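Taking it in order: structure first as C-alpha cells, then the write-up.
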Amino acid sequence: MELIREIEAERTTALAASPSDPTQRKMAALTRIRGIGDNFAAVLTREVFYRGFGNRRQLASYVGIAPMPHQSGAMDRDRRIGRAGNPRARTTLIQLAWLWLRYQPGSGLAEWFRNRVGELAGRTRRIAIVAMARKLLVALWRYLETGVVPEGVELRG
C-alpha cells in the first residue's frame, strides 16, 4: 500500500509540475470526464494517445479492437477482431467500457449498448462491449484532438 501511495504521489506531482506537456494536458482532459480516474487516464494517454493517428481504423487497429478484413473474389467483409494490438490498452478500454455503462448511463454510447443488447446476457454482451469499447476509444480520441465532448457525457464539476 505504501508503494502505491508513492506512485500516486509521483503521478500527482508530475501532473501539477508540467501543465504545458501535451501528455499531461491529455490526462487532465480525460480526468474531467465523470467515470475516468487518474489510472485510466494515465494508461490510455501513455499507451495510446501519446502518438498521432490518421483515422479511427488506425487507432482501433493499434489497440487491437478493429475487425480483420476478409476478401475473396467479389466478397469483401469484416471478420472477428484482430488482437494484434496493445494488450494493456485493450484490457483497460474494455474495463472502462463496463464502467462507462455505470457512470455515464445517459451518454449516447450507453444508450447504443442498451438498445443493441437489451436484456440479453452472456456472450452477446461480451461481444457488444468490445464494440462499445471501440466506439468509446474513437469518441475519447476525438475529444482529445478536437475538444468535442461526446454526446450526453457528464463532466466533473
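The values are calculated or read from the model by the stated rules, or taken from the named source; none is laboratory data. On a predicted model such as this, the values are computed, not experimentally measured, just so you know. Ideal geometry is used to build each Cβ from the backbone, glycine not excepted, and the neighbour counts take in all protein chains shown.
The rows are residues; the columns are (1) at pLDDT below 85; (2) surrounded by 14 or more Cβ atoms within 10 Å (Cβ to Cβ).
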site	(1), (2)
R11	yes, yes
A28	no, yes
R56	no, yes
P69	yes, no
Cβ-Cβ under 9 Å pairs, at least 6 apart or on other chains, segment 25-42 side closer than 18 Å to W98 by Cα, far side buried (at least 18 other Cβ atoms within 10 Å of the Cβ) and charged (D, E, K, R):
A41/K26
Which residues, counting only those in segment 43-53, are under 13 Å from the mean Cα position of the chain (by Cα) and free of Cβ contacts under 8 Å to residues at least 24 places away in the same chain?
T45, R46
Between residues in segment 88-103 that are in contact (Cβ under 8 Å) with a residue 24 or more places away in the chain and under 18 Å from R156 (Cβ atoms) and residues that are buried (at least 16 other Cβ atoms within 10 Å of the Cβ) and polar (S, T, N, Q), which pairs lie under 8 Å by C-beta distance while being six or more apart or on different chains?
W100/S107
Kindly list the number of the only condition in (1) out of contact with any Lys or Arg (no Cβ under 9 Å at 6 or more places or on another chain); (2) exposed (fewer than 12 other Cβ atoms within 10 Å of the Cβ) that fails for Y50.
(1)
Taking only pairs six or more apart or across chains, which ones have beta-carbon atoms under 7 Å, a first residue in segment 115-134 that is under 19 Å from A89 (Cβ atoms) and of a type in the set (G, A, S), and a second residue that is in a helix (DSSP H, G or I) and modelled with pLDDT of 90 or more?
A133/L93; A133/I94; A133/A97
Among the residues of segment 13-26 satisfying the criterion of being surrounded by 10 or more Cβ atoms within 10 Å (Cβ to Cβ) and not in a helix (DSSP H, G or I), which is modelled with the highest pLDDT?
D21
